[in-house]
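The values are calculated or read from the model by the stated rules, or taken from the named source; none is laboratory data. Since the structure is predicted, the reported quantities are computational estimates derived from the model, not experimental observations. Here the Cβ is made from the backbone with ideal geometry for all residues, glycine too, and neighbour counts use every protein chain on show.
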Amino acid sequence: MLLQSTPAVRQFLGLEATSTYEAAKVVILPIPYEATTTFRKGCEKGPDALLEASDQLEAYDEELKRETCIEVGIYTHPAIADTRQNPDLCADEMLAVTTETVSRFIADNKFVIAVGGEHAITTGIIRAYQQAINDPFSFTVVQIDAHGDMRHEYEGSLHNHACVMRRVLEMGLPTLSVGIRSICQEEALLIEEKQIPVVWARDIANNPNWIEDAIAQISTPKVFITIDVDGIDPSLIPGVGTPEPGGLDWYGITKFMRRVFETHQVIGCDIMELAPIVDSVVSEYTTAKLLYKLIGYQALTQGWF
């Protein structure tokens, strides 16, 4: 049984802008799971920080000229796989509950945006979409990230946050990685051997047509978007585990996201790896605004307005 909105569950944009589950088109799913981060920790606090920061967002989107949340309906589900409450939660348990929960939302025809938590969570989300779609190989995973995340294993774990896209590739799904600027030799060899499409951050900086060139590399009509916020430049979002210079700027990522929504059927999204910084709100506020943009682009392209 899905829980209804209560004051105990912090809602995206605050309770005043919140829909019931039944009426909502969009479900936000907080997943504060953290087990394998290796440099700066704290992404298990990311969902709460994002939701708190969202209270300060304007409901009116000046780009879309709409109060998106009033016209769409957004429901924030209680957190699942919370390692703050259960620090011994293993990856298999996290993936199982994630897949089960997202599957219920898909069955109810909700547009899901999951908020992490570490990037390993994405494997469980994508499993739910593969199980729900008649053709399980009919969508492309578009990854925004600073890192390849294509290691076979890292520090003894197949479900390390540094391995998530390797698990996605093993599912047989096409991928497009955007904003990459840090990989290991193993990943470099895999990309070359398998001819995995990558839009490198250095090429974005030097190619004014990079967005259309990237769109042309998406091989399926349907897309799942996974965003590791370290794909965005740390001058905008410093609150990440491993900040890499040279990432996407605000208008770069929002223009690209809008074009993906306009040209493809986006079936779901996640935003991962936000790790709040003490005495700074810029990272969570910017991430919350990005999430609101994704909802707006979906509403615009699906005719919800």
If you go through the range 198-220 one residue at a time, do you hit one that is in a loop (DSSP other than H, G, I, E, B), farther than 28 Å from T301 by Cα and in contact (Cβ under 8 Å) with a residue 40 or more places away in the chain? no
Residue check: is Q11 touching a strand residue (DSSP E or B) at 6+ places or on another chain (Cβ under 6 Å), more than 19 Å from V278 (Cβ to Cβ) and outside any strand (DSSP E or B)? yes
Condition first: of a type in the set (A, V, I, L, M, F, W, C) and assigned to a helix (DSSP H, G or I). Now tell me which residues in the range 239-295 satisfy that. W250, I253, F256, M257, V260, F261, V282, A288, L290, L291, L294, I295
Can you list residue pairs whose Cβ atoms sit under 7 Å apart, with the first residue in the range 263-284 being more than 12 Å from V229 (Cβ to Cβ) and the second being hydroxyl-bearing (S, T, Y)? Count only pairs 6 or more apart in sequence or on different chains. I267/Y129; G268/Y129; I277/S283
Under the condition of being in contact with an Asp or Glu (Cβ under 9 Å, 6 or more places away or on another chain) and buried (at least 17 other Cβ atoms within 10 Å of the Cβ), which residue from the range 253-269 is nearest to Y129 (Cα to Cα)? R258
For the range 88-102, which positions are over 14 Å from I133 (Cα atoms) and assigned to a helix (DSSP H, G or I)? A91, D92, E93, M94, L95, A96, V97, T98, E100, T101
Can you tell me how many residues in the range 43-83 are assigned to a loop (DSSP other than H, G, I, E, B) and either touching a Pro at 6+ places or on another chain (Cβ under 6 Å) or in contact (Cβ under 8 Å) with a residue 60 or more places away in the chain (or both)? 8
Being touching a strand residue (DSSP E or B) at 6+ places or on another chain (Cβ under 8 Å) and either of a type outside the set (K, R) or modelled with pLDDT of 95 or more (or both) narrows it down to one residue among A49, A59; which is it? A59
Identity of the residue in the range 68-91, under 12 Å from A35 (Cα atoms) and of a type outside the set (A, V, I, L, M, F, W, C), that ends up surrounded by the fewest Cβ atoms within 10 Å (Cβ to Cβ): D88
